[in-house]
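What follows is a set of notes on a single structure, which appears directly below.
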Amino acid sequence: MRAPFEVLFEAEGLPEYALPVDLKHLYGRLGFPDRVIYANFVSSIDGVVTLGANPSAGSVISGKSPADRFVMGLLRACADAVVLGAGTLRATPGHLWTPAHVYPALATEFTALRSALGRSAEPALVVLTGSGELDFSHPALVRGAIVMTTSPGAKKIGSRLPASCELVVLGKGKSLDVGRVVGELRERGLDVLLSEAGPHVTGQLVGEGLLDEVFLTLSPVLAGRGKEKRLGMVEGIELLPAKGAWSRLLSARQHGDYLFLRYGVGKS
Ligand SMILES: NC(=O)c1ccc[n+]([C@@H]2O[C@H](COP(=O)([O-])OP(=O)(O)OC[C@H]3O[C@@H](n4cnc5c(N)ncnc54)[C@H](OP(=O)(O)O)[C@@H]3O)[C@@H](O)[C@H]2O)c1
């Protein structure tokens, strides 16, 4: 991808990191508050972000857009940690949640950005699971991750996690309290959190008022819905009509037929 994004709109007063020159040339300005949770999704025009049993919904919906992959890499490069639910891990075999994996051409620049921000070489990976049913040979786990679960999940996992992983057990129920998850991550100094989780974890983050921003790539495709369930980005919580999370447009960019939107969630 050579052509820069066209900046259609940028709100005043957003934080700004000193981006390496190639990243700044392509994307323009970007930065985050010191403590933030931002999600990244690609959606079809008709609001579909998952494709049922089809793996790797994101890359299918984006049509493997290089511009979308660049933004994924850039957002990862800014984060202390990338947070996923086990559903996304299971749906994305072979993936690594690193900047270089998704956009290798600018790996050096992503590393330079992390270094300038005082971040570790790669963002930590955090995986949430209640069931404990994980593919323990998934390369992202083999590489090392913080796996968070409750005691029944930990029992199921037993000693099967790769030695590179850390198991964190929070609570005894079937599912984690996402507020406790975030608190635990903050205690480890993981303050700038990118959620690449799917709709179920996102629903909980929104429900608890924890999600600050969404980066939404609108892919120029209609996905449709048939018999299988295809979700929008927030699942498990009903917001409209009573509690719609009206949001503030922070920036809008265009690359070809794709739109790249940044919203402050619930901040309109
Ligand atoms: N279009 C996009 O940009 C995009 C982005 C991300 C994901 N996706 C797609 O989304 C789909 C997956 O959706 P999803 O909603 O299942 O993903 P998800 O939210 O990442 O994962 C859901 C799973 O996370 C675990 N989990 C969630 N909340 C938990 C809690 N409070 N405590 C403990 N564990 C918890 C559970 O795992 P257990 O079942 O192990 O208990 C749950 O089944 C995939 O197809 C993926 O490709 C698309």
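Structural remarks
- Charge tally in the Cβ shell below 12 Å around SER115, where Lys, Arg are +1 and Asp, Glu are -1, SER115 excluded: 0
- Extent along the principal axes, Cα only, for the chain: 50, 43, 31 Å, with the longest axis given first.
- Computed from label points 7 Å out along Cα-Cβ, the spacing between GLU238 and VAL21 is 5.6 nm.
- Fraction of antiparallel bridges per DSSP, the chain only, in percent to nearest 5: 40 percent
- Computed over protein heavy atoms with a 1.4 Å probe, the accessible surface of the chain works out to 46 Å² per residue.
- Of ARG69, ARG253, ARG180, the one that fluctuates the most in a GNM where the chain has Cα springs shorter than 10 Å: ARG180
- Cα-based Lys proximity count in the chain, under 14 Å, for pairs eight or more positions apart or on separate chains: 5
- Note on LYS227 and ASN54: the model spin-label points, each 7 Å out from Cα along the C-beta direction, lie 1.7 nm apart.
- With a cut-off of 15 Å between beta carbons, the residues surrounding LEU218 carry a summed charge of -2, where Lys and Arg count +1 and Asp and Glu -1.
- Phi-derived couplings, Karplus 6.51 cos²θ - 1.76 cosθ + 1.60 at θ = phi - 60°, listed residue by residue for segment 150-161: 9, 4, x, x, 5, 5, 5, 5, x, 10, 8, 5 Hz, with x used for Gly and Pro.
- Prolate/oblate/rounded label for segment 84-208 (Cα gyration tensor, a/c 1.5): prolate
- Other-chain or far-sequence residues with amide H under 5 Å of VAL168's (modelled H): VAL147, MET148, THR149
- Distance in nm between pseudo-label sites at LEU210 and ALA11 (7 Å out along the Cβ direction from Cα): 2.2 nm
- Paramagnetic reach from ARG248 (point 7 Å along Cα→Cβ, amide N under 17 Å) across segment 37-68: 37-39
- Accessible-area composition of the chain, carbon plus sulfur, in percent [1.4 Å probe]: 54 percent
- Ranking by accessible area, most exposed first, for ILE45, ILE237 with a 1.4 Å probe: ILE45, ILE237
- For ARG248, the solvent-accessible surface with a 1.4 Å probe is about 110 Å², rounded to the nearest 10.
- Cα-based shape type of segment 191-240, given that a ≥ b ≥ c are square roots of the gyration tensor eigenvalues and the cut on a/c is 1.5: oblate
- Excluding exposed DSSP-loop GluC sites (Glu not before Pro) (at most 15 other C-beta within 10 Å), longest clean stretch of the chain: 17-132
- Distance from segment 210-255 to segment 122-146 (C-alpha centre basis), Å: 26 Å
- Placing R0 at 51 angstrom, the Cβ-Cβ distance between LYS155 and THR108 gives a FRET efficiency of 0.75 after rounding to 0.05.
- Theoretical gain in end-to-end length, VAL142 to ASP257 [0.36 nm per residue, Cα-Cα removed]: 37.7 nm
- Semi-axis lengths (Å, descending) of the ellipsoid that matches the C-alpha gyration tensor of segment 1-92: 26, 17, 13
The values are calculated or read from the model by the stated rules, or taken from the named source; none is laboratory data. Small disclaimer: the values here were computed from a predicted structure and weren't measured. All Cβ positions, even for glycine, are placed from backbone atoms using ideal geometry, and neighbour counts span all protein chains on display. Just the protein is used for accessible areas: all its heavy atoms, side chains included, with ligands, DNA and RNA removed. Shrake-Rupley method; radii C 1.70, N 1.55, O 1.52, S 1.80 Å.
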